[in-house]
Amino acid sequence: MADRPNPVFRTIEEVSLIGTMATYDSQAEASQGIPQQWRAFLQAHPAPESSSKFYGASPCTGDRKIHYLTGVAYEGPDGVVGGERLTLEAGEYAVIHVNDTALLRDTWIWVLGHWLATSGRREKNAPEFERYTGISEAGTPVGPVEIWVPLEPL
């Protein structure tokens, strides 16, 4: 990746998500399955609020599989009904803006494999997530994506 993103540090309050969870055995399986997962979510919930941010979140598990929730922020009884819930913890996060969605996977690899080691922090045992401005009918991100990595001091 020639043009490295510049992570910024942000602190957020707790965010509750609701959506659909899937489990993948490998990164290759996840790369194939996540667009399909988004398509199914959008078909089941065709009109989430236009102001909604879409979230793709991975909770921490010990089974060495990729657990991935496709969903939106849950703020009460309106909106998405049913589905699985996941809480994004309050705290400090590294936020990386990815303008070219084709670079999303490479950016994750760089952030977790290289940048984090020199950041003076470590990844907190909490869900990491992506925040999307939109999802296409094909199930792929539209527009810039934000990667959020939960942090704690070394």
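The values are calculated or read from the model by the stated rules, or taken from the named source; none is laboratory data. These numbers come from a predicted model, not from an experiment. Counting neighbours? That spans all protein chains shown, and the Cβs are built from the backbone with ideal geometry, glycine included.
Annotations
- Looking across Gly79, Gly120, Gly62, Gly91, one residue alone is over 15 Å from the mean Cα position of the chain (by Cα) and at pLDDT 95 or above. It is Gly91.
- Applying the set (1) acidic (Asp, Glu); (2) loosely packed, with under 14 Cβ neighbours inside 10 Å; (3) in contact (Cβ under 8 Å) with a residue 12 or more places away in the chain to Glu92 leaves exactly one unmet item: (2).
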